[in-house]
């Protein structure tokens, strides 16, 4: 269990700085299975999870959706047969915030539990 | 209610022909809000639905997932805050089958109901 997953999301307002490269490099090892991927110039954390069926994929999507609502921070989730892709980033600051790493760690815990 | 939505999916085996351009042109007006979009050279039917929240988006995703299981044909669904994108295509034949148009019409009915 990663330490990061024990944190809670904090309110992130527009205007807050995005994480620096050094901060990202420090946090990344705790969610090592996630890739930092740029989409339209904005970095996102992305991980693809393999599941056994469509029903299993949809069930995982719902579990991710539940922690998203609980924490007030919402990912993009792609649900396919046997596969769920999750992307976390902070829309308001158009980049990555510590919240995104916290949520990535919590998502990993959902899969492990 | 479109006529197309009354059909059921039929088993689609690899080797069956994909729809011709003329067949697509004939079916498309019944699901006029869907775009034919190529991804990696394979055409997909895609529609973006606007929802009021993340919870509403996830609920719609689940309704689409339920008809997918019922019909044995499974789409790619992108769930975001206030938005659900649905893509239908037939993996086995790497293209569009009448099943995809039937499912697009059934998806539209879910949103209308």
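Quick one: if the Förster radius is 41 Å, what FRET efficiency do residue B:71 and residue A:16 give, using the C-beta to C-beta distance and rounding to 0.05?
Details: r = 45 Å, r/R0 = 1.10.
Calculated value: 0.35.
Comparing A:14, A:65, A:95, which has the greatest mean-square fluctuation in the GNM of chain A with Cα pairs linked when under 10 Å apart?
Answer for the Gaussian network model of chain A: A:14.
When chain B is modelled as a GNM with alpha-carbon springs shorter than 10 Å, which of B:43, B:17, B:75 fluctuates the most?
Highest fluctuation among the options: B:17.
For the protein assembly as shown, compute Rh as the Kirkwood radius over C-alpha pairs and then the Stokes-Einstein diffusion coefficient at 4 °C and 1.567 mPa s; write the answer in µm²/s, rounded to an integer. Mind showing how you got there, number by number?
Numbers: Rh = 18.7 Å.
Approximately 69 µm²/s, per Stokes-Einstein.
Over chain A, what is the mean sequence separation of C-alpha contacts under 8 Å (at least six apart), divided by residue count, expressed as relative contact order in percent? Before the final figure, lay out the partial values.
On the way: 170 pairs, mean separation 42.5, N = 113.
With pairs under 8 Å counted, the relative contact order is 38 percent.
Looking at the axis that maps chain B onto chain A, which chain B residue has the closest Cβ, and how far off is it in Å, rounded to a whole number?
B:78, 3
How much FRET efficiency would the formula 1/(1 + (r/R0)^6) give for residue B:30 and residue B:59, where r is the Cβ-Cβ distance and R0 is 35 Å, rounded to 0.05?
On the way: r = 25 Å, r/R0 = 0.73.
With R0 = 35 Å, the Cβ-Cβ based efficiency is 0.85.
Can you give the FRET efficiency to the nearest 0.05 for residue A:111 and residue B:38, using r as the Cβ-Cβ distance and R₀ = 30 Å?
On the way: r = 32 Å, r/R0 = 1.07.
About 0.40, to the nearest 0.05.
Given the C-alpha atoms of chain B, compute the convex hull and give its volume per residue in Å³.
Values: hull volume 10.5 nm³, N = 113.
In chain B, the Cα convex hull volume per residue is 93 Å³.
Values in this text are rule-based calculations from the coordinates and carry no lab data. The shown structure was predicted, so the numbers you read here are calculated from the model rather than taken from an experiment. With ideal geometry, Cβ positions are generated from the backbone for all residues, glycine too; neighbour counts draw on all protein chains shown.
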